[in-house]
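> This is the structure I want to talk about, given as structure tokens.
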Amino acid sequence: MRTAFYISDGTAITAEVFGHALLTLFPAEFEHVTIPFVETSDMAEQVKQRINDRYKTTGQRPLIFQTFVDDQLRQIINSSNGVCYDFLNTFVEPIQRELGVAPVPKTHRTHSMHEKSYDFRIDAVNFALANDDGSNLKNFAQADIILVGVSRSGKTPTSLYLALQYGIKAANYPFVEEDMQHLHLPDVLLRNREKLFGLTITPERLSQIREQRRANSRYASLRQCQLELAEVENLYLREQIPYLNSTHLSIEEISAKIIAKTGLKRHKY
């Protein structure tokens, strides 16, 4: 198994995102190692030694995805026995030529450049936590989006991801077993109809997820899952609520598709 290192003098998030995206294209297994905030020569030398030790142990050169601002630290890592891929410097020179403006390198750039975005995201996370699972219905008017669906269809993690990643205020509302006899939109959802977005999932997958929560229960039975999903999907169609099947999608993919379908404004940059 090859080792992939994600290294930076910042958070290493950029290196992780780019590196993971590239490696998913290849049918191979990797051990992933993330090392953020490598901010001194001593720290860089320690990381270099770690890379070299891994090479000696495995006989395979580790893949190094790095985003260093400091050129000296970059050179130390480049002198290791790994194969280095430098995302920032690959693009800096051609962008500089196009813009006619020299870059001004600085560490911790992600937070310092986006303080307003950071505030949006913290506020959105607090909103998502306070308005999870149909709580605080009076706050739904302040939501950017209201996710609806049966229990365990992915509403809460998607709400939190939209908040943390994009600063989107997402509330969510569950349709439960007691609603199924006469399923309809309650007044609070009718008043905010334009904000509704539905999630659905296959009955088989929903049953598996619910089994982990309440094993051998009616709640987790395939029949109950089939009944609830059929009623909710009929409601989506009847009320013309846009919806998405989350079965084979990651939280990141669900969130991106929701934003694409709704045109929600992100507060990421």
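The values are calculated or read from the model by the stated rules, or taken from the named source; none is laboratory data. These numbers come from a predicted model, not from an experiment. Positions of Cβ are generated from backbone atoms using ideal geometry, with glycine treated the same way; all protein chains shown enter the neighbour counts.
> Kindly indicate whether any position in segment 50-63 is among the acidic types (Asp, Glu) and under 28 Å from the mean Cα position of the chain (by Cα).
So far as segment 50-63 goes, no, none of its residues is among the acidic types (Asp, Glu) and under 28 Å from the mean Cα position of the chain (by Cα).
> Kindly indicate the residue of segment 117-139 that is among the aromatic types (Phe, Trp, Tyr) and over 11 Å from LEU160 (Cβ atoms) and also surrounded by the most Cβ atoms within 10 Å (Cβ to Cβ) among those meeting that condition.
Only one residue fits best here, namely PHE120.
> Scan segment 211-228 and report the pairs whose first residue is of a type in the set (Asp, Glu) and whose second residue is in a loop (DSSP other than H, G, I, E, B), with Cβ atoms within less than 6 Å and a gap of 6+ or a chain change.
That search, which allows pairs on different chains as well, returns GLU211/ALA220.
> Let me ask another. Checking THR202 against (1) at pLDDT below 95; (2) over 27 Å from ASN139 (Cβ atoms); (3) in contact with a strand residue (DSSP E or B) (Cβ under 8 Å, 6 or more places away or on another chain), which single condition isn't satisfied?
Among (1) at pLDDT below 95; (2) over 27 Å from ASN139 (Cβ atoms); (3) in contact with a strand residue (DSSP E or B) (Cβ under 8 Å, 6 or more places away or on another chain), THR202 violates only (1).
> Another question, if that's okay. Confirm whether TYR161 is touching a residue at least 12 places away in the same chain (Cβ under 8 Å), assigned by the TED database to the domain that holds GLU231 and in a helix (DSSP H, G or I).
yes
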